[in-house]
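Engineer: Can you read through this structure? Questions will come right after.
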Amino acid sequence: MNSKDTARLSGVAILIFAAVIMAASGTYVVQPGYRGVEVTLGKVSPAFKPEGFGLKSPFVTTIHPISVRQQTAEDKAECYSSDLQQTHIELRVLFRIPESSVVKLFQQYYGEPFESLVAPRVHEALKEVTALQSAEQIVKNREQIKTRALEIARKKIGTLLVVEDIVIQNIALTKELEHAIEAKMVQEQEASKSKYLQQRAQIEADTAVIQAKGEAESIRIRGQALKDNPAFVDLKIVDKWDGITPLVIGGGESLLLPLSDLEHRQTKDNAPAQPATRRSLTPR
């Protein structure tokens, strides 16, 4: 192979390599969940590129991928309560970039969207909310603080980004303040327990008074009934009678025996039974 053939082969190889480079630089692929921002010689195209394969001007055009998926970022915020107590809040922010904001966000904000836009607005919102409540209320009303801070952050950010949610993971206070709040809660619990015991004792006392009044009224009604109707005692005796006829066996002192007991005695002694005199139970 002479020098001409070698030069010809080298030229062909260079052309093939250049064609491959041109083809590679003249195409792009936008991955799922992303949108592409086209920049040609420093000029940003107003329309984003959808996901998939496409062609572009080689060497002079660059496609920058921007995620439109929901993203989660962890952050920490230092706030002060209305009683000037410092609180440390650990949180997670769920956000996403809408398609309509992909190009604008790329042009106007540098760096990560969360660091440059979301985090500062969320911190401002938390500080505004916590400044209106005491440290104890901040700990107790975590859900209310989260809801109010989310509303304020959305208003501050506008439609450029969508803040889906703010999750407050932990609220830390100083050790001295935590001990003071804990002691106060213990005192409140003891006071509530004492109040409950007092109310219970009062209810039991009122119940005893009501029962005593009821019993006294019952005795009064019975006494009045006996006074108005003396035959009521006889009626009670008849109600209690078991149906066995009582007998009075004579002697110095009358002895009251049922007829069955008298017959049992007669059988046992094998003696004729003494005549029994029946007497009325009705008092003379």
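Engineer: Using a 1.4 angstrom probe and counting only protein chains, how large is the accessible area of F53 in Å², to 10?
Structural biologist: Per-residue accessible area (F53): approximately 140 Å².
Engineer: What are the residues whose amide H is under 5 Å from the amide H of E164, where those residues sit 5 or more places off or on another chain and H is modelled from the backbone?
Structural biologist: L94, F95, R96
Engineer: Given the protein chains as shown and a 1.4 Å probe, how many square angstrom of S134 are accessible, to the nearest 10?
Structural biologist: 30
Engineer: To one decimal place, what Kirkwood hydrodynamic radius in Å is obtained for the stretch 102-179 from all pairs of distinct Cα atoms?
Structural biologist: Taking the inverse mean of 1/r over all distinct Cα pairs, the stretch 102-179 comes out at 13.9 Å.
Engineer: Using only protein heavy atoms and a 1.4 Å probe, report how much of H64 is accessible, in Å² to the nearest 10.
Structural biologist: Accessible surface of H64 is approximately 60 Å².
Engineer: State the three equivalent ellipsoid semi-axes of the stretch 34-91, derived from the C-alpha gyration tensor as the square roots of 5 times its eigenvalues, in descending order and whole Å.
Structural biologist: The equivalent ellipsoid of the stretch 34-91 has semi-axes of 44, 13, 8 Å.
Engineer: For the stretch 45-173, what is Rg from Cα atoms divided by 2.2 N^0.38 Å, rounded to two decimals?
Structural biologist: The reported ratio for this selection is 1.30.
The values are calculated or read from the model by the stated rules, or taken from the named source; none is laboratory data. Small disclaimer: the values here were computed from a predicted structure and weren't measured. Heads up: the accessible areas ignore ligands, DNA and RNA and are worked out on the full protein's heavy atoms, side chains in. Shrake-Rupley method; radii C 1.70, N 1.55, O 1.52, S 1.80 Å.
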